[in-house]
Structures are given as C-alpha cells and as structure tokens.
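Below: one structure, written as structure tokens.
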Amino acid sequence: TNRYIKIYDRVRKSMAATYVNIDVDQGADFNITINLKDNLNNQFNLTGYTVASQMRKNYTSSVATTFVATHDNTGGHITLSLTNTVTALLQPGQYLYDVEITDGTGKKKRVIEGIATVTPGITRIWQ
C-alpha cells in the first residue's frame, strides 16, 4: 500500500491534529507518505525535527506497534512503513495511531491521528 497524503502545517497553530484513516493489509509491506505544507502551500521544513508514530488497540493499551518513521528535511515529506513480517503479526481490526514531530528544543506536536484498519490476509505462502 502506497498512499500520498497532503496535510497542511498544524505546527504553528494551536489546532488539533488532522484526522486521517489508513488501511494496513495483514502480511503485506505498508508505506505511506505524508506531505506537510505550510499555510502558504509551501513544503514544511522538517530540518531539526524527529518523527515518531505508533498504533495501539486503544488509548490505554501498553502494547504498541511502532512505524518506521522517516522524513526529508526540506521537502516536508514523512514516510511511515511497516514490513510484511510486522503486519503479519497484527490481528485484523481497528487500531488508533498518530504521528508526532519534535523540534530541536523538544517541543512535540501531533500532526496526524486516526484509525488504522488492519485487513486480514488470505494468501499464506512460506518460503
């Protein structure tokens, strides 16, 4: 699954995170690219930021699946990934997820949140 989502800058505002639902196919590689833009429709500069993202069955769950979260500095792109090995271990159903960015001073901002729906896989070929 590859999706490209355009999200406007929520970093400089005190607004809530943008709500985006995603679908994760059990047993398949998952990749999604998020494009952060500022209020003038320019790429958001992520230089000096770190990115983190997890999904959980509910807000209080101590068990989390952590996305591999990467970004380019000046392009405003955040990529979330899970390998097929990781998605194969997920139980089908709905999870909650979010994406947080942290600037160089430690200030955190949730830029995206939503429901991650894991759809069951059918094909099981082990090599």
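So for the stretch 110-119 (the condition being touching a helix residue (DSSP H, G or I) at 6+ places or on another chain (Cβ under 9 Å) and of a type in the set (Val, Ile, Thr)), does at least one residue qualify?
yes
Could you tell me how many of the residues in the stretch 42-53 are open to solvent by 70 Å² or more (accessible area, probe 1.4 Å) and at pLDDT 95 or above?
Residues flagged as open to solvent by 70 Å² or more (accessible area, probe 1.4 Å) and at pLDDT 95 or above within the stretch 42-53 amount to 1.
Name the residues in the stretch 112-124 that are surrounded by 11 or more Cβ atoms within 10 Å (Cβ to Cβ) and at pLDDT below 90, would you?
The answer is GLY121, and nothing else.
Inside the stretch 47-80, can you point out the residues that are outside any strand (DSSP E or B) and polar (S, T, N, Q)?
Listed by number, the residues that qualify are THR47, ASN58, THR60, SER61, SER62, ASN73, THR74.
Of all residues in the stretch 83-111 being of a type in the set (Ser, Thr, Tyr) and open to solvent by 60 Å² or more (accessible area, probe 1.4 Å), which is nearest to LEU36 (Cα to Cα)?
Residue satisfying both the conditions and the ranking: THR105.
Quick one: THR74 ticks every box in (1) in contact with a His (Cβ under 7 Å, 6 or more places away or on another chain); (2) over 20 Å from TYR19 (Cβ atoms) except a single one, so which number is it?
(1)
How do the pairs read when you match residues in the stretch 53-82 that are without any contact (Cβ under 8 Å) to a residue 24 or more places away in the chain with residues anywhere that are open to solvent by less than 70 Å² (accessible area, probe 1.4 Å) and among the aliphatic types (A, V, I, L, M), using Cβ under 8 Å and keeping only pairs 6 or more apart or on different chains?
Going by the 8 Å Cβ cut-off, the qualifying pairs are ALA64/MET55; THR66/ALA52; VAL68/LEU80; VAL68/LEU82; THR70/VAL51; THR70/ILE78.
The values are calculated or read from the model by the stated rules, or taken from the named source; none is laboratory data. Everything numeric in this text was worked out from a predicted model, so none of it was measured. Backbone-built Cβ (ideal geometry, glycine too); neighbour counts: all protein chains shown. The area values use the complete protein model at the heavy-atom level, side chains included, leaving out ligands, DNA and RNA. Shrake-Rupley method; radii C 1.70, N 1.55, O 1.52, S 1.80 Å.
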